[in-house]
Amino acid sequence: MSTKIEDTLAVRISKVLAERIISGEIPAGAKLRQDHIAAEFGASHVPVREAFRRLEAQGLAASEPRRGVRVASFQLSHVKEVAEMRAALEVLALRHSAPHLTPAILNAAEEAIRAGDVSKDVRSWEEANRLFHRTILAPCSMPRLLATIDDLHAASARFLFAAWQSNWETQTDHDHTAILSALRQGNVDGACSILSRHVQWIGQRPTLAGNGTVRNAFAIIG
């Protein structure tokens, strides 16, 4: 029984920490202090360590020898890695999902597109974007694949929030519309080709760092 409780607590801790990391509340490079987190959640070190492992699996944290666990840094190579992994895995999921996409599912995906097109901030846009992808991929019924894709979307969201948290401009996602159109026509190859290109497009913009310097921030806009 205690093991199940610890597992449940580890999931809750990892979700709370992931949200803080993704939103930027806990910045890149910050140390995740096991004692402080255990005290905050009234937990032993066991579920906290498991939560850290979950964050590492999501690419949100990194363990350093003799230095503990820190929030993962932002590097262009990391963004490219996530983009390429998303492209490969989401195309795989879509090929398995396509035979099971009903008109109702495709209509739900269209609603997600509309929600994204009228989003007034980056957070609501990211939620609509993730919903679109999840809607067309979920019918593949491959839970491990979908769980990995969810982790990659969490990493994508972190990059996006860091670069586009302020000065967000409402935008229309033409790729989503093109993917949906191809799926309605039964053109799975076309939909997969657009999806692969779509999730590998990396945006760049200058942002002000904490020390007052300007740096380039990169994010997956898809």
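How many residues does segment 33-76 hold that are in contact with a Gly (Cβ under 7 Å, 6 or more places away or on another chain) and under 21 Å from LEU9 (Cβ atoms)?
Looking only at that region, the number is 1.
Conditions (1) of a type outside the set (D, E, K, R); (2) modelled with pLDDT under 90; (3) in contact with a helix residue (DSSP H, G or I) (Cβ under 6 Å, 6 or more places away or on another chain), marked per residue:
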{"site": "VAL69", "(1), (2), (3)": "yes, no, yes"}
{"site": "GLN75", "(1), (2), (3)": "yes, yes, no"}
{"site": "MET85", "(1), (2), (3)": "yes, no, yes"}
{"site": "ALA93", "(1), (2), (3)": "yes, no, yes"}
{"site": "SER97", "(1), (2), (3)": "yes, no, yes"}
{"site": "THR102", "(1), (2), (3)": "yes, no, no"}
{"site": "SER119", "(1), (2), (3)": "yes, yes, yes"}
{"site": "ALA128", "(1), (2), (3)": "yes, no, yes"}
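With the condition being touching a residue at least 40 places away in the same chain (Cβ under 8 Å) and either surrounded by 14 or more Cβ atoms within 10 Å (Cβ to Cβ) or not hydroxyl-bearing (Ser, Thr, Tyr) (or both), I'd like the helices (runs of 4 or more DSSP H) fully within segment 1-110 carrying at least 2 qualifying residues.
Correct list: 2-23, 45-57, 76-97.
So that you can scan it fast, the table gives a plain yes or no per residue for (1) out of contact with any Cys (no Cβ under 8 Å at 6 or more places or on another chain); (2) exposed (fewer than 15 other Cβ atoms within 10 Å of the Cβ); (3) modelled with pLDDT of 60 or more; (4) not in a loop (DSSP other than H, G, I, E, B):
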{"position": "ALA162", "(1), (2), (3), (4)": "yes, no, yes, yes"}
{"position": "SER166", "(1), (2), (3), (4)": "yes, yes, no, no"}
{"position": "LEU180", "(1), (2), (3), (4)": "yes, no, yes, yes"}
{"position": "ILE194", "(1), (2), (3), (4)": "yes, no, yes, yes"}
{"position": "HIS198", "(1), (2), (3), (4)": "yes, no, yes, yes"}
{"position": "PRO206", "(1), (2), (3), (4)": "yes, yes, no, yes"}
{"position": "ASN211", "(1), (2), (3), (4)": "yes, yes, no, no"}
{"position": "ALA217", "(1), (2), (3), (4)": "yes, no, no, yes"}
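The values are calculated or read from the model by the stated rules, or taken from the named source; none is laboratory data. All figures in this text were calculated on a predicted structure; none of them were measured in a lab. Positions of Cβ are backbone-derived with ideal geometry, glycine not excepted, and every protein chain shown enters the neighbour counts.
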